[in-house]
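The values are calculated or read from the model by the stated rules, or taken from the named source; none is laboratory data. Note that this is a predicted model, so its numbers are computed, not measured. Every residue, glycine as well, gets a Cβ built from its backbone with ideal geometry; the counts of neighbours run over all protein chains shown. When the accessible area is computed, the model is the full protein with side chains, heavy atoms only, and any ligands, DNA or RNA have been set aside. Shrake-Rupley method; radii C 1.70, N 1.55, O 1.52, S 1.80 Å.
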Amino acid sequence: MKKQQQLYKGSLNTIIMKLLEQQGKMYGYEITQKVKEITQGEMNITEGALYPALHKMEADGFLDVEMDRVDGRIRKYYKLTESGVKETVSRMEELENFIRNMQTIVNPNLKLDF
Amino acid sequence: MKLTTDQINHIDYVLRNDYSFEHFDDLRIELLDHITSDVELSIEKNSITFEEALPNVLHKWNDEIACDRSSFYNNVPKIVGNLWKKLDWKYNICVLPLTAILTFGSIPFIKEVWITYAMYSIACIGLVLGIYLLNLFRKNQFNTVLSKYAKNKIKFYVGLFLFAIILNIYANYSDGDLLSRPALFVVIHTTLVFAVRTIIMRKNIKIENQLLKVI
């Protein structure tokens with residue numbers, strides 16, 4: 001499980017961007033829960049990794065933020081900017097190529113269609 | 001189960017006082033929402049009380065929100081210190097080489113008076129940026145990770161900048177010419193520092209405006 005977490009680590013930004021592309025806007029806690037739900041608990045985004053990644057992407061101009069008052073507290077939502085959408089497409093292509101190449105090495109007879 | 005206002009205020013108090021988030025409004029607001037959501041889920045899932053759930057959630061966060069005593073920034077939460085260290089790197093990588101290039105680039109023209117005029121022109125830009133930054137800090141309505149970082153050393157740089165200018169004017173006056181430039185390196189360096197910090201403060205204004213909309 002721990003080794004698997006290491007493999008996921010390199011793709012953290014791409015995973016966050018893909019989720020934001022699908023959901024429109026999300027807040028930090030929602031992202032951690034969504035990833036846990038999709039991977040059925042296999043992947044756990046730690047708080048220490050999530051926020052620096054979000055803040056870095058915000059600083060790079062890939063994410064825009066929106067604040068709202070919810071249940072007696074302020075909630076910060078993240079959404080993709082125009083350049084964030086383009087970046088997501090290119091990162092997803094890279095990730096798909098990576099998975100395809102890994103699959104070719106691990107199991108040459110299996111063909112993946114994305 | 002949704003937490004009450006008092007319970008949310010208690011978490012805010014803990015973050016401010018036990019974890020040194022007093023001066024980081026932007027990050028504290030974000031963590032407050034995350035920790036509150038986590039506590040609410042924990043109470044619901046495990047059928048426990050708020051008093052039992054909060055320490056468990058804070059324990060998960062402890063490594064990130066406690067001060068890292070071994071770090072250069074040992075009196076701020078680790079999550080803040082790590083960001084500041086990254087900003088330090090960015091600063092040093094862009095400011096120091098540029099200062100060195102401009103300073104050493106002026107050496108072949110050491111006997112030329114126009115270098116001194118150029119230095120005083122750079123000093124004017126530095127002075128304007130310095131006044132602009134001090135004015136921004138005065139108007140600052142929230143303490144954020146970025147504004148605190150920019151504020152941290154700016155007073156020192158303003159002092160250093162003024163000292164260098166006065167020293168240079170005195171040197172020029174006592175020599176009776178404009179060939180002495182003891183402040184050249186400091187003037188270039190501090191002006192570049194002010195310029196980079198101005199960029200950071202522009203980003204900070206964006207964060208402040210977002211906070212103002214909801215507070």
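A few points about this structure:
- Unique residue being at pLDDT below 90 and out of contact with any Lys or Arg (no Cβ under 6 Å at 6 or more places or on another chain) when the list is A:Leu7, A:Leu63, A:Leu54, A:Leu80: A:Leu7
- Some residue of segment A:41-48 being among the aliphatic types (A, V, I, L, M), within 13 Å of chain B (Cβ to nearest Cβ) and out of contact with any Asp or Glu (no Cβ under 6 Å at 6 or more places or on another chain): yes
- Set B:Leu129, B:Leu162: member being modelled with pLDDT of 85 or more and more than 27 Å from B:Trp89 (Cβ to Cβ): B:Leu162
- Scanning segment B:128-158 for residues that are among the small types (Gly, Ala, Ser) and open to solvent by 40 Å² or more (accessible area, probe 1.4 Å) returns no hits.
- Verdict on B:Leu15 being in the same structural domain as B:Asn209 (by TED's automatic domain parsing), of a type in the set (A, V, I, L, M, F, W, C) and out of contact with any His (no Cβ under 9 Å at 6 or more places or on another chain): no
- Counting only helices (runs of 4 or more DSSP H) that fall entirely inside segment A:1-111 and contain at least 2 residues that are crowded, with 18+ Cβ neighbours inside 10 Å, the qualifying elements are A:12-23, A:28-38, A:47-59, A:82-106.
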